[in-house]
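The values are calculated or read from the model by the stated rules, or taken from the named source; none is laboratory data. Because the structure is predicted, anything quoted here is derived from the model rather than measured. Quick reminder, even Gly has a Cβ in these numbers, built from the backbone with ideal geometry, and neighbours come from all protein chains shown. For accessibility, only protein heavy atoms count, side chains too; no ligands or nucleic acids. Shrake-Rupley method; radii C 1.70, N 1.55, O 1.52, S 1.80 Å.
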Amino acid sequence: MHQSNSPNPVKRNGFLNGWMREFPPPLTILVSVLCVVWIATFFIPSGAYILDETGSPIPGSFRTVPKPLSFPEHLGELPLAPVNGLYGAVDPETGQVAPFNIGPLFGSAPVFFYVLAIGGFMTVVFATGALDRGIHHLAWSFRSQGEWLIVVLCLLFGVLGSVMFWSDESLGLYALMIPLIIALGYDRMTTVAVVTVAPFAGRLASTINPFVIGIGSDKAGITLVDGLPLRLVMFCCVMAVLILYVLRYAKRVKNNPQTSISGISEEDKALAEADALPPPKLSRTDKIIVSLVAGTFSLMTFSIVPWGAILGNAKIDAYEHESINSPFAWELGWWLPELTALFCVMAIVVGAVGRLGQAETARAFLRGVGSFVGPAFLIVVARGISVLMTNTKTIDTVLHTMEGLTAGASSSVFTLVIFLVSMPLAFLVGGGSAGTALVIPVLAPLADFAGIERSLVLTAWSTAGGVMSLILPTNAILMAGLALAKVGYDQYIRFILPLVIVFIGIAVFSLLIGSLLL
């Protein structure tokens, strides 16, 4: 890596030159996008669809409406966006998001505190030293089989992404996976590929994902299994390409660390060297703590699965992420508030088992909270972008514009256009459950005029959202993951861009074939 001979290149070249030479950090990128969207909302006309009894927009009912905000109020939306992105609530009558409204929470406070709780919990765990020794044992066991571990983990997280939209939950795994992957001779980019890229790739090829496919099927008036064969084929292709790509990169880094895109720090080298020796025997306390950590993450995974929606074809709540009228007694229906409490309680339990004492447990927990504040704040800023579009009533205007682009197209062209217009829509409204509930009622009926199945529209939307989730800096979970892994967004783009191009090719080919067969 080239290094300047000057101890302070920013001063030598001037502040502006130094600023331009550095790739902006994630927060700068998100704030820049926030400002661009805020400026755009001054010029985009406000509009709204008429909603049916379920709260879904009715196709063809769009109408322009007066600007809901005065000029001074519009100016104030920018500084308030992160605040609303944290704890803004929706006024049921006006649809406006503001901190003191009485209504459903719009902000990302549950995700924010969930991330902080993970940080506190994992720091307490590492303070006991048990997990370090446990990871050392695991790395030693897989020292000659690291590639198989990557395959297994990519498949596991890919399946989770495909069937249950595994995303927020992945953030808690970075503290576990970074030392393990590095100890096996790989780098932090490999960790990002396994922990974040794999579930988003699975989400790109969602099969029975209740939060996108389930909600979208309900809004489109079709069943969960409509279009499933095509999505299964797409999932197999996407995961095969992902695993081959990650294995190729990981093997190259292991053979020559200089080829690492994210770089190998001195801390990483020391960690790899320390785990190159045989591990010490685990004590009884170590085994109990490792079991508690494994049990915590297992309970987390089990508790958030909407079993009724996946196994019983029940409806899924778009906001609370649980099955409605679930037929299964074992379904816990937990989401981020319950998971936050789980990690807080388990931090106390681990501290007690590890004999840290109440003072050291508290100090370790707060250190962890402090170290995770940065990634958590990125989530809040990203949510602020949706707040701006909501409060200026410009989301429906953009959706109406996209609706008009598909009019009169043949089946193949229509399918391709739906895929392309879904990308900017996923950026503006998000490709998750709430965005799906907004977009699919408008786009799905258009398939009837093109002579194709509505399930193909849903598959195109889901796939486009998955593609965008892999590259957009407004994807809060992606940016938080990169921050936790200490990988630059520019480094990540260098790694992911060739893979995304291949994914788009798979998606377009699959959708075009589907338009001819469905």
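Quick notes
- Computed from Cα positions, the angle between helix 71-87 and the longest principal axis of the chain comes to roughly 50 degrees.
- Angle in degrees between helix 146-164 and the longest Cα principal axis of the chain, rounded to the nearest 10: 30 degrees
- Derived scalar couplings between HN and Hα for segment 397-402 equal 5, 5, 4, 5, 4, 5 Hz in order, rounded to whole Hz, by the Karplus curve 6.51 cos²θ - 1.76 cosθ + 1.60 (θ = phi - 60°), x for Gly and Pro.
- Against the main long axis of the alpha-carbon atoms of the chain, helix 174-183 sits at an angle near 50°.
- Tally of Lys pairs whose C-alpha atoms are under 23 Å apart, taken over the chain, 8 or more apart or cross-chain: 8
- For residue 67, no residue whose modelled amide H falls within less than 5 Å of its own remains once neighbours fewer than 5 places apart on the same chain are excluded.
- Per residue, the solvent-accessible area of segment 90-245 (1.4 Å probe, heavy atoms of protein chains only, all protein chains present) comes to 32 Å².
- For residue 98, residues with placed amide H under 5 Å, excluding near neighbours: 89, 91
- Long-range tail of P(r) for segment 166-300 (Cα pairs > 26 Å, %): 43 percent
- Loop-located trypsin sites (Lys or Arg not before Pro) in segment 321-396 whose Cβ has at most 16 other Cβ within 10 Å (DSSP): 355
- Exposed-loop-free span, longest in the chain, where chymotrypsin sites (Phe, Trp or Tyr not before Pro) count as exposed if DSSP calls them loop and at most 10 other C-beta atoms lie within 10 Å: 101-329
- Under Karplus coefficients 6.51, -1.76 and 1.60, residue-wise ³J(HN,Hα) of segment 27-37 in Hz, glycine/proline x: 5, 4, 4, 5, 5, 5, 4, 4, 5, 5, 5
- Rg to Rh quotient for segment 24-152, alpha carbon positions, Kirkwood Rh: 1.19
- Dipole orientation for the chain: of the candidates 30, 395, 107, 30 has the Cα lying most toward the positive pole (charges on Cβ; Lys, Arg +1; Asp, Glu -1).
- Surface per residue (accessible, 1.4 Å probe) for segment 375-505, Å²: 28 Å²
- For segment 464-518, fraction of C-alpha pairs farther apart than 15 Å, in %: 55 percent
- For segment 345-360, 3J(HN,Hα) per residue [Karplus equation, 6.51 cos²θ - 1.76 cosθ + 1.60, θ = phi - 60°, Hz, x = Gly/Pro]: 5, 5, 4, 5, 4, 5, x, 5, 5, x, 6, 6, x, 5, 5, 5
- For segment 339-378, the C-alpha radius of gyration sits at 1.24 times the compact-globule guess of 2.2 N^0.38 Å, with N the residue count.
- Applying both filters, DSSP loop and at most 10 other Cβ atoms within 10 Å, to the trypsin sites (Lys or Arg not before Pro) of segment 172-226 eliminates every site.
- When +1 charges are put on Lys and Arg Cβ atoms and -1 charges on Asp and Glu Cβ atoms, the dipole computed for the chain relative to its Cα centre reaches about 1500 debye.
- The chain, relative contact order in percent, only Cα pairs under 8 angstrom and at least six apart counted: 25 percent
- Between the residues 176, 139, 278, the greatest Cα displacement towards the positive end of the dipole of the chain, with unit charges on the Cβ of Lys, Arg, Asp and Glu, is found for 278.
- Relative counts (whole %) of C-alpha pair distances in the chain, using bins that are 10 Å wide: 4, 17, 28, 27, 16, 7, 1, 0
- 10 Å Cβ shell holding at most 16 others, DSSP loop, GluC sites (Glu not before Pro): longest site-free stretch of the chain: 94-319
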